[in-house]
Amino acid sequence: MVENGIGASLKRKEDNRFLTGKGNYTDDINRPGQTYAYIVRSPHAHATINSVDISAAKSAPGVVAVFVGQDLLDDAVGGLVCGASVTGKGGEVNKVPPRNVLTMDKARFVGDPIAVVIAETLAQAKDGAELVAIDYTELPSTVSTANSDADGAPQLHEECPNNVALDWELGDKAAVDAAFASAAKTAEVELVNNRMVTNAMEPRAAVGEYNSGTDDLTLYVTSQNPHVHRLVMSAFMNIAPEHKFRVVAPDVGGGFGSKIFTYNEEAICAWAAKRINRPVKWTSDRSEGFMSDAHGRDHVTKAEMAMDADGKFTGMRVTSKGNMGAYLQLFSVSIPTLFHGFLLAGQYTTPAIYLEMRCVMTNTAPVDAARGAGRPEATYLLERLVDVAAGEMGLDPAEIRRRNFIKADQMPYQTPVVQCYDSGDYHASLDMALKNADYDGFGARQAEAKGRGKLRGIGLSSYIEACGVAPSAAVGSLGVGVGLWESAQVRFNPTGGVTVFTGTHSHGQGHETAFAQLVTERLGVPVENVEVVHGDTDKGQFGMGTYGSRSLPVGGVAIANACDKIIAKGKKIAAHCLEAAEDDIEFGEGNFTVAGTDKVMNIAEVAFTAYVPHNYPEGVEPGLDEIAFFDPLNFSFPAGAHVCEVEVDPDTGTLEIVKYTAVDDFGTLVNPMIVAGQVHGGLAHGIGQALLENCVYDEDTGQLVSGSFQDYCMPRADNLPSFDVDYCPTVPIHNPLGVKGCGEAGAIAAPPAVINAIVNALGIKHLDMPATPEVVWRAAQAAS
């Protein structure tokens, strides 16, 4: 093992600047002559815009410019794009209603942008915004996921009759119907997957700057994928030619999916900077973020399971509606369909599965990818259904899972819902989790808690997810509008240091450390001599960014491939310098050696020789700088078993998670400490959804009720236990590094584990998230 290479729990290199206040976030960036933008948003959930009078605002003190939607259209600026094209029932592709950067005809949700005021100071921009006079005619609104497609519901878009963007199905309906017709037992559950607001620590922000001398446009932005930002804004929105457009995503304080997308405000800053020939800055406040950031989840589902007399699953039927909000964002309908439906098999051998998914439009903020993106929704409904099925069969929840697990020797395993799993040992993961959680001793702990007047419950969650989203040909055939390969450049400097340019983006994942460790392992260069560069389209490789736990499984392999090219070229140089045949050169731990001799040349010496090629092989180019791309052959499939134990006070509804055990299969761990941190963060995210977080719109007015942290409760340290994290790795077939991805697992596994534990404690069939004290108290009183 190379020191500080793969497997070392090295402290994160980037944390020094973060912990000492020296990070460089978008709001830290201020350019000479900078102005400030403030967005005028609709206060109504649904209203016709009769007129917009900006005359008073334009003459307000400090105001530089005021723009409305027509101004962008006059400059041929295109609308925001939906990158998904999913084919539904009858071969009909999802409908995509148009969305202007500044809306012009109708406001369709509270927060819909209508105008922008640009001023010398933010305060002056806000004052000017107060003077924009908009005449509305209020219209009835619909916010209900369950009912927005009902006859007579208010219609958002002509393009989407009955507010339906897509009717989609997956699986063999006839086979599932037959399974239910012959079932010995059936189980069903109706559930809601509650809407979440991502609430990254850093709000969204953008700074646009135009250089009229060179006609170059720069956008500093809180993005998870700056190259895709540039591509979308160039090719589809006509903001600027791609080769004259630089996008920089500096330090970004969390993304969790919400910073994948191109938003109205970012396009406004970039376009307006050129229009007024001055830098334009916009930073969201938290209230704006609640209104305008893409939300996540929001499904209403009925799930059913057919079983034989032994509790073996024979068929599963799911009928669901997914809320898309008022407009289709980038991934949009692909999240509740492809990313959700393809994981409905879970870890089980269920031979027949059928899903009907309806994607509906509502007068709410757009809904798109949020940490896990479809996988949490699939896991939640499946793992809740499995527990209900265990109750129907009179089986322990662990036992019914064991009876239905895919066995390790069945890998690779083709599921009935498209995916082919390449690796996993689900029995081993569950056995380890049960042992670590002292599952067998739960009865004694439950009895002890009862003596204190408390109800103790235990819940399981056996999850699987698909990460490293790919391959490009496969996702393209499913309607995704881009390739999902990744690229990297590994460059030796003449003095032996290495700079890695990656197309992925780090916003909390620790890439600057983990990727450096990968290079250290591959090339033997001290980890402190490896610098990782990302987030600037003018500096780094074109790449597809970070989401879907793809950075290491896809971007990491691209880095490794570039390292392999470095080694191959280095062998030619070393062979010449050591006067040996190239085939006799071996490489390991940073040294090129002649096999069977003590002749050796360090890779730093080879690098220097490559840049000072006085004694150099003919036909070999100078320099030591390689580029590589990687397009995976398949997804990677992290999986695991989580066990949650709770204690409920039935008199108040308050509960405590007394123990949480996670056993995950992430394949090879590059930095176990970073992985543990990712698991902890994901668990906090998932527990927050299960217990606390809920984005609510008023059914009558469409107003956002949970529009601040006073009304939207985020998890805090005292809501969480000390997590017991362990690993049960298997080796993926399709990933050369043996890695699988880890950043979303906790958010996927935790919600059903927590709810299963609460349901077990209360002795009831089901309760919906979030399990707030009031919800739990009411359920406890009803049960008693």
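The values are calculated or read from the model by the stated rules, or taken from the named source; none is laboratory data. Predicted model, so just to flag it, every value in this text is computed and none were measured. No Cβ is skipped: glycine too gets one built from the backbone with ideal geometry, and neighbour counts run over all protein chains shown. Side chains are part of the model used for accessible areas, which takes the heavy atoms of the whole protein and leaves out ligands, DNA and RNA. Shrake-Rupley method; radii C 1.70, N 1.55, O 1.52, S 1.80 Å.
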Output the peptides 756-764, 411-419, 323-331 sorted from most to least packed, where packing is the average of other Cβ atoms within 10 Å over each peptide's residues. 323-331, 756-764, 411-419
Given V417, G640, S332, which one lies farthest toward the positive end of the charge dipole of the chain, if we put +1 on the Cβ of every Lys and Arg and -1 on the Cβ of every Asp and Glu? S332
Measure off, as a whole percent, the carbon and sulfur share of the 1.4 Å-probe accessible area of the range 175-227, all protein chains present. 50 percent
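Rounded to a whole number, what % of the accessible area of the range 485-630 do carbon and sulfur atoms account for, probe 1.4 Å? Show your work: numbers first, answer last.
On the way: 2590 of 5530 Å².
In the range 485-630, the share of accessible area belonging to carbon and sulfur is 47 percent.
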Before anything else, pin down the relative contact order of the range 485-630: Cα pairs under 8 Å, at least 6 apart, normalised by residue count, whole percent. 33 percent
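If packing is taken as the mean number of other Cβ atoms within 10 Å per residue, what is the order of 9-20, 633-644, highest first? Please report the intermediate quantities before stating the final value.
On the way: 9-20: 14.2, 633-644: 27.5.
For the peptides 9-20, 633-644, the packing ranking is 633-644, 9-20.
Order 146-154, 206-214, 301-309 from most to least packed using the mean count of other Cβ atoms within 10 Å.
Working: 146-154: 14.9, 206-214: 18.7, 301-309: 20.8.
Taking the mean over residues of other Cβ atoms within 10 Å, the ranking is 301-309, 206-214, 146-154.
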A 1.4 Å probe over the protein heavy atoms gives the range 2-118 a carbon and sulfur accessible-area percentage of 50 percent
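At 1.4 Å probe radius, can you tell me the per residue accessible area of the chain in Å²?
Numbers: 27890 Å² over 784 residues.
Here the residues of the chain average 36 Å² of exposed surface.
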